[in-house]
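**Q** There's a structure below that I have some questions on.
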Amino acid sequence: MDSIASLLNASRPAAALRKRWRIACVVILSCRAMRALPRRALVGVLRSPSFTAINMQSFHDEDGSSSEETPFSHVDMGRLMNLVKEKSLDDLRLLGGVRGLAAVLASDVDTGILGNHEDLQLRRETFGSNTYIQPIPKGFLLFILDAINDAFLLILAGCAVLSLAFGIKIHGIKDGWYDGMSIFLAIFLVVIVSAFSNFNQDRRFRKLSAESYVIEATVIRGGRRQDVSIFDVVVGDVVCLKIGDQVPADGLFLDGHSLRVDESSMTGESNHVEIDGDRNPFLTAGVKVVDGYARILITSVGMNTAWGEMMSSISRDTDERTPLQERLQKLTSSIGKIGVTIACIVLAVLSIRYFTGGTKDDNGQKEFNRRTATFDDVMNDMVNNISAAVTIIVVAIPEGLPLAVTLTLAYSMKRMMEDQAMVRKLSACETMGSTTTICTDKTGTLTLNQMKVVQFWVGEQQVVSGVGFVARSILELLHQGVAFNTAGSVYKPNLASEPEFTGSPTEKAILSWAVMELGLEFDELKQSCTILHVEAFNSERKRSGVVVRKEDEEKTTIQHWKGAAEMILARCSSYYESDGTVKAIDAEKRSKLEQIIEGMAACSLRCIAFACKQVIREDNKISEENNTHRLEENELTLLGLIGLKDPCRPRVRSAVKGCKLAGVDVKMITGDNIFTAKAIAFECGILTPDDANIDGAVVEGQEFRNYSMQERLEKVGRIRVMARSSPFDKLLMVQCLKQKGHVVAVTGDGTNDAPALKEADVGLAMGIQGTTVAKESSDIVILDDNFHSIVTVLRWGRSVYNNIQKFIQFQLTVNVVALVINCIAAISSGKVPLTTVQLLWVNLIMDTLGALALATERPTQELMKKPPIGRIEPLITWVMWRNLIAQALFQIIVLLVLQLKGRSIFGVNERVKNTLIFNTFVLCQIFNEVNARKLEKKNVFEGIHKNWLFLGIVAFTLILQVVMVEVLNRFASTTRLNWGQWNFCCGIAMLSWPIGWVAKCIPVSN
C-alpha cells in the first residue's frame, strides 16, 4: 500500500513504479477471482484505497500517451455478455462463480452496489444502460400516402379532374377552376386532417407503449431495498424477484427458493423452467417469475441482452381498427356506392332527356337539335350533365364520417387517461359500453388495500392488552414464522430511525405488527437461523411454508406455515395456549376455533393463521434427488390467529349501485373465506338482504369447479360472490358468462389472472398492484386500482358509442337532404341548386366541426340509467331513424319550395334563390346539430352551457357561413343577402327545434 500511496503522489511515475503498479493490479484481480477467500476479506480488498486509486489516477507512458484505468477496465465485456446467452456453467466457474463475479463487478451480494450517482454513471458508461434502441417511427409523409390510398378519395380526385377540365372549357380559366380546385382542396383537407390525426395517434400509442413498459424492480443498493424503474437497473445490481415480476436484465441466481420462470416470451415454450444455483443459475431478461422468490446479480443490460435485441425490432401496430370503425367503414362504403349508382342513373336520365328533346334552353327552345347541333354544343351540354352527376357523387360520399370516429376515440382516450384509465386497445373503449357483467377482485379494488392487524388470538384467548402474558417460547416461534415465511423485508438504517417495510400490503401489515407489537428484531433473527427450504405462497394453495434451523440446534428443524386460517387449522392437531402449553384439538376445540375465525370474518377481517412443527433430523424427509428438506402439512401445532382489516373504498357502494342501475351485474371473486367475502360484499352493496335468500348467490371456488357444465351455465347468473377462488375458477366463470351471451369485463392484478384477462371481452389490470404479466394481458389499465374508476370507464364506453350515433344521425340527415334535393332538381330542370363547392363545405368543413363538437360531449348520468348496448344491436336505431326522417322531411319540403317557388316568393333572380337555398340548408344543419346532442331527451339544451367547446364550434361554424355568403361570392357561387333574407333563413332553420321536440313525442321501439 505504501508503494501505491507514493505512486499516487508522483506526477510522472517512472517505468519501475509503473511496473510495480501493474503487478499490484494483477495480484488484486487474482485475489478477487479466488472463491476460497472469505467474503468479508474480499470486500475489504474491494473497498481498499488501491481500488479508489484505479478509479481516479491517470498514467502516462514514456511516449506521452495516457491510458485510463477504471475499476472495470479488466472485465472481458464479450465474455460477460455471452455468459447468460450461452448458459455456460464452465465459464461461470472460471470466473469464480456468482460470488466471484459479483466481486469483479464491485458488488456485494448482501448490500449490493454503492448506488451513488458516480457509481451508477460509471457503470452505465462502461456496461451500457438498460434501454433499447427504438425502431424509427413512421414519418408524416407515409401517413399522407396511406390517407390518399382510399377508393372514394380516388373517385373524388377523378371527379375533380373532370370538373376542372369541363369548368375551364365552359367558363374559361378565370372562373372555371373553382369547382375542380375546391374538390382538390377538399381532398387535400381530408388527407391532411386524416394523416395528422393518425400521426398523432401513432405518437400517442408510442407514448402509451413507453408507459406500459415503465416497470419497477426492487434492487439492493448500499444495503437498502429500493424500487427503481427497470430502465435504471445497472450491471452489478442485486435484484429481488417474486411471483409476477419480470426479470429486468440478464442475470445470475444468487439465492432464493422454489424459483420457476416462464420463458415463453423468449423461447415460445410454455413449460416453466426451474432456476437454482447449481444446475441452472441463468436468467434471461424479459422472462416472468411464476413461482418462488430469489435475488439475482445483473450481468448484462439493454442491447447487450437477447431481450433488448428483440425489443428493438418490435413496433406497436397503430393501424388497429376497432369493430365500430369497421362497421362505419362498411356504412360509408354502402352510402358511397348508393351515391355513385344514383349519379349514374341521373346522368343516364339527363342524357336521355337531352337527346330526346326533353330539355330546353333559356329561350324555351330544345337544347338538342339534330340539324343545328354542333359537336361543341353537344359536348358543353353533356359536360353540364356530367357536372351534375359529379355533384351528386360529392354529396353522397360522407368524408367526415371516418374522421368523426377517430376524433371521438382520440378525445375519449385522452379524457379516460385523466380519469385514471389507460387504454391499451382502442376496441376496449367501445366494448365497455356493451358490458353486462363485471367480475371484480376484492383487495385493492373494492377495498383500500391498506392492511392493518386489528385482532390477535392465541388459542381461545384474544390478546388485547399487549403480549406480556404470552409465553416467550410462543413469541419466539411467531418471530420465526413472520421473519422467515415472508417475501417482504424490514430495513432500519440506524437505531433512531423508523423501520421501513417492503412487500405486499398483507406482508407489510404482518411485519409491521410483528416489529411494533411483538418486538421482532428482523436482521438479528435472520442471522441466527438458516433457511433450508421454502414453499412460496400461491393463489391455489392459499398458504406458504418454510423450513429453518437455528445455528445452535443442528438436529432439529422447525417447519413454519402461514396462510388462510381455515386451511391451516384443518392441518393442525394441536394448539398453543398463551402460557406455552400444547393442547390437542378435539372436535369441541376445533369448533370453537372455527367460530373465532368466522367471527373475525363476519367483521370483514382477513383471517391468517400461523402454525409450526418441530422435526428431529432423523425423522426429517430428505429428497435424494436434490437434498432439500420437504415440508410436512399434517400434525401441525397452531401458533395463533390474526385478523387484518382492509377498509372499503369510500365511493365503492355508490359505484356498485350505479352499475346495478345501468343493468350491469357485479360479481366479486376473491380468495378470502366465505364469511369475509360475504361481509365485504354486504358492505359494498354487491350482496343485499334479498340476494342472501337466493340459493347459490354465494359459492366457493371448489364448489363452482365441481359443478357439471350444465349446472354452471344454470347457476352462474345467480352468483354474486365467489370465495376461496383460484384463477382457474375466475377463468371458468368468464367462459360460462360469455357462453350465455354476456359481455364480460374482468379485473386482475396477478400473473395467474392473465388467462381470465385475455378471455374476457375487456381485461382490466390494476396499475398499482398489477404485475407486468397482468398489464400486458389487459385491454385497459386502471391506474388507481379503484372500482369507481372502472365505473367511469363503463360510462365512457357508453359515451363513445352514443356520441358516434349522434354524429351518424347528424351526418346522414345532411347527406339524405342534399342527395334528394340535387337529384330532384337535376332530373326536373337539368341544373343543381347546390354547387360542388357548397356541398363540400357542408360535407367536409361543417361535418368535421360537427364531429368535433359532438365528440366533446362528456358522459352523462343518463347513460347509466339505460340497459347495456347489445352485442349485435344495429348501429342506426329506430330512434335515430325517427329523428333523421323528421328533420330530413322538413328540410326537403322547405328546400323544394324554395327551389320551385323561391324566385316568385322573394322576387329575386336565380343566383339569389340558390344562395337562399344554400344558406337555409346550412343553417338548418347548425340548428339540427343542437338537436343531435340528445337522441331521446326532448330538452336538447340541458347542460349546453357547460360545454364551451361545443358552443365555440357552433359559433365558429356560423361565422364561416357568413363569410361564405357575404365575402367568398365568386368562390362559393353565392351573392350577398339582405337582413330580411337572413332573418327568413334563420327563422326557417330555427323550426328544427320544435320539429325535433314533436318528433321525440312519437313512440318508437328501442
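The values are calculated or read from the model by the stated rules, or taken from the named source; none is laboratory data. What you see is a predicted model, and the numbers here were worked out from it, not measured in a lab. Here the Cβ positions follow ideal geometry from the backbone for every residue, glycine too, while neighbour counts run over all protein chains shown. When the accessible area is computed, the model is the full protein with side chains, heavy atoms only, and any ligands, DNA or RNA have been set aside. Shrake-Rupley method; radii C 1.70, N 1.55, O 1.52, S 1.80 Å.
**Q** Starting from the residue with the highest accessible area, list R224, R203 in decreasing order, probe 1.4 Å.
**A** Largest accessible area first, the list is R203, R224.
**Q** Working out 0.36 nm times the residue gap between E711 and V454, then minus their Cα-Cα distance, what length gain in nm do you get to one decimal? Please list the in-between numbers first.
**A** Values: separation 257, 0.36 × 257 = 92.52 nm, distance 3.99 nm.
Gain on extension, E711 to V454, equals 88.5 nm.
**Q** Extension gain D110-A348, at 0.36 nm per residue separation less the Cα-Cα distance, in nm?
**A** Working: separation 238, 0.36 × 238 = 85.68 nm, distance 8.82 nm.
Full-extension gain reported as 76.9 nm.
**Q** Right, something else. Starting from the residue with the highest accessible area, list M722, M81, M451 in decreasing order, probe 1.4 Å.
**A** Values: M722 0, M81 55, M451 25 Å².
My answer, sorted largest first, is M81, M451, M722.
**Q** Within the accessible area of the stretch 338-480, what % is carbon and sulfur when the probe is 1.4 Å and the other protein chains stay in place? Don't skip to the end; give the middle numbers.
**A** Details: 3270 of 6070 Å².
Here it works out to 54 percent.
**Q** Moving to a separate point now. State, to one decimal in nm, how far the label point of H117 lies from the label point of A373, with both points 7 Å from Cα in the Cβ direction.
**A** Inter-label distance under the simple model: 8.8 nm.
**Q** With each label point set 7 Å from Cα along the Cα-Cβ vector, what nm distance links R224 and E540?
**A** Output for this residue pair reads 4.0 nm.
**Q** Something else about it: In terms of the Cα gyration tensor, with a ≥ b ≥ c the square roots of its eigenvalues, is the stretch 710-800 rounded because a/c is under 1.5, prolate because a/b exceeds b/c, or oblate?
**A** Oblate is the answer for the stretch 710-800, as a/c is 1.5 or above yet b/c matches or exceeds a/b.
**Q** A follow-up question, please. Do the alpha carbons of any pairs in K660/K740; K442/K730; K550/K583; K330/K937 sit beyond 22 Å of each other, and which pairs?
**A** Details: K660/K740 19 Å; K442/K730 13 Å; K550/K583 25 Å; K330/K937 29 Å.
Beyond 22 Å between Cα atoms: K550/K583; K330/K937.
**Q** Within the stretch 964-1006, find all residues whose amide N lies under 19 Å from a label point positioned 7 Å from the Cα of W881 along Cα-to-beta-carbon.
**A** So the set is 999-1006.
**Q** Which stretch or stretches of the stretch 880-898 have amide N atoms under 16 Å from the point lying 7 Å from L991's Cα along the Cα→Cβ direction?
**A** Within reach of a label on L991: 886-898.
**Q** Right, another one. Just the ratio, please: alpha-carbon radius of gyration of the stretch 379-439 over 2.2 N^0.38 Å, N its number of residues. Let's see the in-between values first.
**A** Values: Rg = 21.1 Å, N = 61, 2.2 N^0.38 = 10.5 Å.
Ratio of Cα Rg to 2.2 N^0.38 Å: 2.01.
**Q** Sorting Y354, Y293 by accessible area (1.4 Å probe), largest first, what list results? The partial results should precede the final answer.
**A** Working: Y354 5, Y293 50 Å².
If we order Y354, Y293 from most to least accessible, we get Y293, Y354.
**Q** Put a dot 7 Å past each Cα toward the Cβ at I215 and A165; how far apart are the dots in nm?
**A** 6.0
**Q** Under the rule a/c < 1.5 gives rounded, and otherwise a/b versus b/c splits prolate from oblate, where does the stretch 797-855 land using the Cα gyration tensor?
**A** Details: a/c = 6.50, a/b = 2.35, b/c = 2.77.
Oblate is the answer for the stretch 797-855, as a/c is 1.5 or above yet b/c matches or exceeds a/b.
**Q** Right, next: Using only the alpha-carbon atoms of the stretch 952-1000 as identical scatterers, what base-10 log of I(q)/I(0) does the Debye formula give at q = 0.18, 0.27 Å⁻¹?
**A** The Cα Debye sum returns log10 ratios of -0.70, -1.02.
**Q** Sticking with this one: Which distance in Å, rounded to a whole number, links the C-alpha centroids of the stretch 728-742 and the stretch 782-798?
**A** A separation of 21 Å, based on Cα centres.
**Q** I'd like the Karplus ³J(HN,Hα) series for the stretch 798-808: coefficients 6.51, -1.76, 1.60, θ = phi - 60°, whole numbers in Hz, and an x wherever there's a Gly or Pro.
**A** Couplings: 5, 5, 4, 4, 5, 5, 5, 4, 4, 5, 4 Hz.
**Q** Subtracting the Cα-Cα distance from 0.36 nm times the residue separation, let me have the gained length for D691 to K583 in nm, one decimal. Write down the numbers at each step before the final one.
**A** Working: separation 108, 0.36 × 108 = 38.88 nm, distance 4.12 nm.
Gain on stretching D691 to K583: 34.8 nm.
**Q** According to the square roots a ≥ b ≥ c of the eigenvalues of the Cα gyration tensor, what is the shape class of the stretch 656-708, taking rounded for a/c under 1.5, prolate for a/b larger than b/c otherwise, and oblate for the remainder? Numbers along the way, then the final one.
**A** Working: a/c = 1.82, a/b = 1.51, b/c = 1.20.
Judged from the Cα gyration tensor, the stretch 656-708 comes out prolate (a/c at least 1.5, a/b above b/c).
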